[in-house]
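Undergrad: Before we start, here is the structure in question, set down as structure tokens.
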Amino acid sequence: MTSLIFATNNKHKVEEIRSALAGRFRIIPLSEAGIDRDIPEPHDTLGENASEKSSVIHALTGADCFSEDSGLEVNALGGAPGVRSARYAGEPSDAGANIRKLLHAMDGIDDRSARFRTIISLILEGKEYTFEGECPGKITLDIDGDGGFGYDPVFIPEGADRTFARMTIDQKNRFSHRRKALDAMLSFLLGKP
Ligand code: ITT
């Protein structure tokens, strides 16, 4: 089976991606590849940060690998927190503080529309390929649910009646930005001769 190092330290992302791939590829997170480091995300776009993560890991290992950078873009906030989603309320990254800051920033705002966006950067045989996925939805008025990670307790995807935090991984994967980007990567990988 083809192995791919997944350049992340986020266990929830690993779970979601393994569940979506349903055993078709062997996914090796950084912890299992023996790489203990937080890769910087210094850029202003998801795409550049994703490329940075995969190229750092490729330079270290020489192995086929991929990374993803994702973020929540809220229309009424001009696309914030966007590329800064993980550290919206400052360092170190704190999901509870990020959510509180977001709900506060949206206090009294009627337009709750938002979207999650993911860019995957895959390095295969030394060449980079990118894939994108997005999930439109809306920000709730209050925290609802305790599953998932990040902004899941305050995001209801379009076409659903509850937040990501109230869904199983499989249910979230029917809507998620990460799943859509992953499907694009998967069609590419499966279509290769
Ligand atoms: P890695 O960089 O190690 O992959 P990370 O958690 O730092 O993990 P990102 O840099 O991609 O991940 O930051 C994305 C942030 O956006 C993440 O911390 C969440 O706050 C938010 N986010 C992304 N996808 C999400 C999802 O599916 N559900 C909820 N929040 C999400």
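Laboratory data are not the source of any read-out in this text; all were calculated from the coordinates shown. As the structure is a prediction and not an experimental result, all values here were calculated from the model. Cβ placement follows ideal geometry from the backbone for every residue including glycine, while neighbour counts extend to all protein chains displayed.
Undergrad: Taking amide H atoms as placed 1.01 Å from N in the peptide plane, list the residues 5 or more away in sequence, or in a different chain, whose amide H sits under 5 Å from that of residue 155.
TA: Residues meeting the criterion, in which the H sits 1.01 Å from N, are 140, 164, 165.
Undergrad: To the nearest 10 degrees, how steeply does helix 177-191 sit against the main Cα axis of the chain, on a 0 to 90 scale?
TA: Orientation of helix 177-191: about 20 degrees from the principal axis.
Undergrad: Got a sec to turn the phi values of the range 80-87 into Karplus ³J(HN,Hα) couplings, 6.51 cos²θ - 1.76 cosθ + 1.60 with θ = phi - 60°, whole Hz, x for Gly and Pro?
TA: Residue by residue, the range 80-87 yields 6, x, x, 5, 9, 3, 5, 10 Hz.
Undergrad: Going down the list 138/192; 13/138; 138/172; 11/192; 11/172; 101/180, which pairs span over 26 Å between their C-alpha atoms?
TA: As for pairs spanning more than 26 Å Cα to Cα, those are 138/192; 11/192; 101/180.
Undergrad: At R0 = 25 Å, how high is the FRET efficiency between residue 31 and residue 183 if r is their beta carbon distance? Nearest 0.05 is fine.
TA: 0.50
Undergrad: Quick one: which of 60-66, 137-143 comes out on top by average Cβ neighbours within 10 Å, and what's the full order, highest first?
TA: Highest to lowest by the protection proxy: 60-66, 137-143.
Undergrad: Per residue of the range 157-164, what does 6.51 cos²θ - 1.76 cosθ + 1.60 with θ = phi - 60° give for ³J(HN,Hα)? Whole Hz please, x for Gly and Pro, Karplus curve as stated.
TA: Along the range 157-164, the couplings run x, 4, x, 10, 10, 8, 6, 4 Hz.
Undergrad: Just flag the GluC sites (Glu not before Pro) in the range 96-134 sitting in loop per DSSP whose Cβ has no more than 14 other Cβ atoms within 10 Å.
TA: Here the sparse-neighbourhood loop sites are 125.
Undergrad: Listed highest first by mean packing, meaning other Cβ atoms within 10 Å per residue, what order do 69-77, 100-108 come in?
TA: 69-77, 100-108
Undergrad: Ok, one more. Using the basic label-point model (7 angstrom from Cα toward the beta carbon), what is the residue 22 to residue 171 distance in nanometres?
TA: 2.0
Undergrad: With a 10 Å Cβ neighbour count serving as the proxy for reagent exposure, in which order, fewest first, do 45, 118 appear?
TA: Neighbour counts put them in this order, fewest first: 45, 118.
Undergrad: Would you mind calculating the gained length between residue 142 and residue 110 on full extension (0.36 nm times residue separation, minus the Cα-Cα distance), in nm to one decimal?
TA: Between residue 142 and residue 110, full extension yields 10.2 nm more.
Undergrad: In addition: Each residue of the range 103-114 in turn: what ³J(HN,Hα) in whole Hz from Karplus with 6.51, -1.76, 1.60 and θ = phi - 60°, glycine and Pro shown as x?
TA: So the Karplus estimates, Gly and Pro as x, are 4, 5, 4, 9, 4, x, 8, 7, 6, 9, 5, 7 Hz.
Undergrad: List every residue whose amide H lies under 5 Å from the amide H of residue 82, counting only residues 5 or more places away in sequence or on a different chain, with H placed 1.01 Å from N in the peptide plane.
TA: For residue 82, the qualifying residues are 72, 73, 74.
Undergrad: Rounding to the nearest 10 and keeping the result within 0 to 90°, find how far the Cα-based axis of helix 46-61 lies from the longest principal axis of the chain.
TA: 30
Undergrad: Taking 0.36 nm per residue of sequence separation and subtracting the Cα-Cα distance, how much length would be gained by fully extending the chain between residue 12 and residue 48, in nm to one decimal?
TA: That works out to 10.8 nm of additional length.
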